[in-house]
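Read through the structure below, which is laid out as structure tokens, and then see the notes.
Throughout, read-outs are computed from the coordinates displayed, never taken from laboratory work. Everything numeric here is computed off the predicted structure, so don't read it as measured data. Positions of Cβ are generated from backbone atoms using ideal geometry, with glycine treated the same way; all protein chains shown enter the neighbour counts.
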Amino acid sequence: MSLIPSWFGGRRSDALDPFSLDFWDSIEDFPFPSSSLPASTFRENSAFVNTRIDWRETPKAHVFEADLPGLKKEEVKVEIEDDRVLQISGERKVEKEDKNDKWHRVERSSGKFMRSFRLPEDAKMDQVKASMENGVLTVTVPKVEEKKPEVKAIQISG
């Protein structure tokens, strides 16, 4: 629906006009043979690759946060590879479907995901911690403390 009314009167129906009053649902109107294919076909082929992960650096650590709604900690794997690579992976299984159900839309994705991040030199690879709460995975990679140059005062004689 248009948020901006047409100043020239009437209803606009230009497919290239973002303010057109006509609404087209590209999936619903596409000629899929929906009755012949079960919903699981679309769900299994839908890649769970849109896993969003935030990486922030604090003075003491690198913190990674991933939204993984519906996953249990047993379904997620956090690994550190030798070449300073943090790898977060997992899988969301396809839900069992009832043959009597009629599916109108399948938007939740399923499948495997994997994200890798090359960690900087200041990461303490042996002290990585991970926790999962309310569908949010938090991986904390502590940083090596910077050695501040030691300043020694020299007595001036004379």
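Taking K and R as +1 and D and E as -1, what net charge do the other residues with C-beta under 10 Å from the C-beta of Ile53 add up to?
Combined, the nearby Lys, Arg, Asp and Glu give -1.
So how much slack lies between Val151 and Lys77, counting 0.36 nm per residue of separation and subtracting their Cα-Cα distance, in nm?
The Val151-Lys77 span can extend by a further 22.1 nm.
Sort region 46-105 into rounded, prolate or oblate with this rule: let a ≥ b ≥ c be the square roots of the eigenvalues of the Cα gyration tensor; rounded if a/c is under 1.5, and if a/c is not under 1.5, prolate when a/b is larger than b/c, oblate otherwise.
Prolate, because a/c is 1.5 or more and a/b exceeds b/c.
For the cross-link pairs Lys93/Lys143; Lys72/Lys96; Lys73/Lys129; Lys77/Lys99; Lys93/Lys124, which exceed 24 Å when the distance is taken from alpha carbon to alpha carbon?
The pairs that break the limit, which is 24 Å between Cα atoms, are Lys93/Lys143; Lys77/Lys99; Lys93/Lys124.
With each label point set 7 Å from Cα along the Cα-Cβ vector, what nm distance links Asp126 and Asn100?
In this crude spin-label approximation the distance works out to 6.0 nm.
Considering only DSSP states other than H, G, I, E and B, which GluC sites (Glu not before Pro) in region 61-112 qualify as loop sites with at most 13 other Cβ atoms within 10 Å?
Here the sparse-neighbourhood loop sites are Glu95, Glu97, Glu107.
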